[in-house]
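Note sheet for the following structure.
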Amino acid sequence: MRLRHKPHALDLIAAHPQFVVADPQKGKWKEEFGNNNPIHIEVGTGRGRFIYEMAKANPHINYIGIEKFSSVVVDALQKLIDEEVPNLKLLNKDAKDLTVFFEDGEINRVYLNFSDPWPKARHEKRRLTYKSFLQNYEQVLAEGGELHFKTDNQGLFEYSLMSFSQYGMPLKFLSLDLHNSDFEGNIMTEYEEKFSSRGSRIYRVEAKFPL
Ligand code: SAM
């Protein structure tokens with residue numbers, strides 16, 4: 001993600017705590033949304049198109065987009081300012097602290113879309129499918145919770161399949177070419193549109209945590 005300096009990003013975020021939750025309260029997300037609906041999160045939400053469209057399409061699911069860079073999440077915030085969607089919140093936080101923001105079992109699904117590949121071996125721990133991240137997802141997910149992952153990066157996809165398998169996670173709906181598969185209802189992310197328009201194949205898989 002190319003980062004552009006946006007001097008007003010932090011001010012805009014601070015002015016909209018109803019959209020970008022400043023002080024997430026572990027165990028209080030149902031209160032935050034004002035209902036008991038399931039909660040799905042996207043880790044590394046970027047400019048937010050996926051989570052915004054998912055929230056509009058599925059009003060009975062609550063969504064939280066987590067993005068560590070304020071200069072990026074501010075674009076997702078702008079979408080909410082332009083047209084409010086009550087079942088979507090944003091978090092301008094690093095997902096390494098997921099268990100600080102969410103109670104055990106508070107989440108029902110995790111989405112990872114076009115995560116940074118970090119191809120160098122010495123950066124393996126930064127990949128969002130590295131085992132320490134899987135441990136965090138497992139902790140915050142309710143029983144039967146799933147991880148849905150898509151990417152254009154073959155190396156990251158292969159690495160992630162290995163990482164899920166080593167963690168004992170059964171895999172389903174594995175696609176090596178999502179856009180030429182029979183998968184219905186795909187919502188494109190900003191990165192997905194960019195890379196698929198250049199001819200890249202999109203890989204996708206769903207993984208469960210062992211019971
Ligand atoms: N999901 C979006 C898409 O498909 O268009 C953005 C993809 S972009 C390549 C990856 C995003 O993940 C970046 O905005 C990056 O800042 C964010 N990210 C990476 N590691 C993160 C972490 N540990 N916590 C929160 N966000 C993270």
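The C-beta contact set for region 147-163 (first residue hydroxyl-bearing (Ser, Thr, Tyr), second residue assigned to a strand (DSSP E or B), distance under 7 angstrom, 6+ apart or interchain) comprises Thr151/Tyr203; Ser160/Phe149. Only a single item in (1) among the acidic types (Asp, Glu); (2) more than 12 Å from the ligand (Cβ to nearest atom); (3) touching a Gly at 6+ places or on another chain (Cβ under 7 Å) is not met by Glu84, and it is number (3). The residues listed here are Ile61, Ile107; of these, the one that is among the aliphatic types (A, V, I, L, M), touching a Leu at 6+ places or on another chain (Cβ under 9 Å) and more than 13 Å from the ligand (Cβ to nearest atom) is Ile107. Mind listing just one residue for me: the one in region 196-211 that is more than 27 Å from Ser132 (Cβ to Cβ) and surrounded by 15 or more Cβ atoms within 10 Å (Cβ to Cβ) and, of those, farthest from the ligand (Cβ to nearest atom)? Per the criteria, the residue is Arg201. Among the residues of region 162-182 satisfying the criterion of being in a loop (DSSP other than H, G, I, E, B) and surrounded by 14 or more Cβ atoms within 10 Å (Cβ to Cβ), which is farthest from the ligand (Cβ to nearest atom)? Going through the qualifying residues, I end up with Met169.
Bear in mind that the values in this text are calculations on the coordinates, not laboratory data. Since we're looking at a predicted model, the values are computed, not measured. Ideal geometry is used to build each Cβ from the backbone, glycine not excepted, and the neighbour counts take in all protein chains shown.
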